[in-house]
1. Considering each of Ile288, Ile222, Ile252 in turn, give the residue that is modelled with pLDDT of 95 or more, more than 14 Å from the chain's Cα centre (by Cα), surrounded by 17 or more Cβ atoms within 10 Å (Cβ to Cβ) and not polar (S, T, N, Q).
2. Considering only the stretch 60-94, state which residues are aromatic (Phe, Trp, Tyr) and over 20 Å from Asn120 (Cα atoms).
3. Just checking, which of Ile95, Ile77 is of a type in the set (Val, Ile, Thr), surrounded by fewer than 18 Cβ atoms within 10 Å (Cβ to Cβ), within 18 Å of His60 (Cα to Cα) and more than 14 Å from the ligand (Cβ to nearest atom)?
4. Enumerate the pairs (first residue in the stretch 59-85 and within 19 Å of Glu255 (Cα to Cα); second residue anywhere and away from the ligand (no atom under 14 Å from the Cβ) and not β-branched (Val, Ile, Thr)) with beta-carbon separation below 7 Å, excluding pairs fewer than 6 apart on the same chain, so at least 6 apart or on different chains.
5. Any residue at all in the stretch 39-52 that is under 17 Å from Ile136 (Cβ atoms), within 16 Å of the ligand (Cβ to nearest atom) and modelled with pLDDT of 85 or more?
6. For the stretch 354-372, what are the residues that are of a type in the set (A, V, I, L, M, F, W, C), surrounded by fewer than 16 Cβ atoms within 10 Å (Cβ to Cβ) and part of a loop (DSSP other than H, G, I, E, B)?
7. So the check is Cβ under 6 Å with 6+ separation or different chains; which pairs have a first residue in the stretch 158-171 that's within 28 Å of Ile102 (Cβ to Cβ) and a second one that's assigned to a loop (DSSP other than H, G, I, E, B) and modelled with pLDDT under 95?
8. Applying the selection to the stretch 155-180, what residues are part of a strand (DSSP E or B) and touching a helix residue (DSSP H, G or I) at 6+ places or on another chain (Cβ under 9 Å)?
Amino acid sequence: METIEKLKILSQDSQYDLACACGTTKEDRRRRGLDGKWLYPVTLPQGGYSILLKTLLSNHCLSDCKYCPLRAENNIIRCSLQPEELAKIFIEYVIKNKVAGIFLSSGVIGSADNTMDKINSTAKIIREKYKYKGYIHLKIIPGASDAAIEESLSLANTVSLNIETPGQNRLKKLSLNKNYLNDIIRPLKLISKLIEEKFAHKKVKCTTQFIVGASDETDSEIINYTFNLYNKLRLQRVYFSAYQKGLGDSSIPAEQKDINPHALLNREHRLYQVDFLIRKYNFKFQDIIFESNGNLSLDKDPKLTWAEQHPEFFPVNINKADKWTLLRIPGIGPKTAELILKNRRYRNFSCYEELGLNRNNTEKIKKFVIFS
Ligand code: SF4
């Protein structure tokens, strides 16, 4: 198979992994890669926007993850790129100024460390032979050895290891091959430690991803884990990927329960809203309101749900409130809050129109604010 033909297949198969920030919104999902195939617009974990070449090294996989179309038992066209082959094609894109980085993942080829060896070799060629100093995001394969992880961290700007489910009992429903504590949690802890102690000067980032709707998990479980990933392991970003019906084994919950794929995408969207509340609005776990089934409301955004259940907090005086209080008002985001605080140094606000919100957000805040 020609290199370009393989790249087309492997890039297509990498689309289910969102841990590089491509495809985190419903709009992104509809967007194709810029090149029609493997060049993806992304928001980098450390901020800023870029175009990445996003691909797998191989879609061969010996693992059995029921939600994944690459699982060993699935009959698909399999192929691999060699490290030198991929490094060369990536550098050609860099020279043409078409990409500003690479996201490199892979199915499990033989063993976790054999795969890591190929991933790290590719990055090494890019760094050492081609003297590339730009952005490299490497996937850490579950079960990778400490030495392989350390080598990845020495080569990459960002690494990611997908946690997949909140807890080992959930993962057991999806894979007999992966050991949750040893293959996922242990390496995540090691990455966190190495980033803090050995690679602090490099400012390496680590991200992860949950698969949503495949193991009967609740949003409450996912969000509880998300808080711990941010607070205890200091991950840079947590991503959520709604399980896409028809890709996995017929025994997994989202297949059995005839869940509407749009409802699952909506669930993913609500999880991203909560993630935003955690990272930018200082929301705590107890501030997130779940329905009796442990999930977020699909009908209402989680910030509005919190506000409606906390009438004692409102109305907020726009001219007196601090940043965190302003951020609790539905319709006011971090940028608006900053702007309000900045302008308040010179004057007081006297009406909604002066806040510079769009019509939708102006309507939203009316129930929750006063001006004096
Ligand atoms: S390890 Fe699991 S999720 Fe990763 S490629 Fe293989 S089957 Fe898919």
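1. Ile288 is the lone residue from the list that is modelled with pLDDT of 95 or more, more than 14 Å from the chain's Cα centre (by Cα), surrounded by 17 or more Cβ atoms within 10 Å (Cβ to Cβ) and not polar (S, T, N, Q).
2. Hit for the stretch 60-94 is Tyr67, nothing else.
3. So the residue among Ile95, Ile77 that is of a type in the set (Val, Ile, Thr), surrounded by fewer than 18 Cβ atoms within 10 Å (Cβ to Cβ), within 18 Å of His60 (Cα to Cα) and more than 14 Å from the ligand (Cβ to nearest atom) is Ile77.
4. Final answer for the pair search is Lys66/Ser251.
5. no
6. Across the stretch 354-372, the qualifying residue is only Phe371.
7. Listed pairs, sorted by first residue: Thr158/Pro45; Ser160/Ala19; Thr165/Ser215.
8. Scanning the stretch 155-180 gives Val159, Glu164.
The values are calculated or read from the model by the stated rules, or taken from the named source; none is laboratory data. Model, not experiment: these values are computed from the prediction. Every residue, glycine as well, gets a Cβ built from its backbone with ideal geometry; the counts of neighbours run over all protein chains shown.
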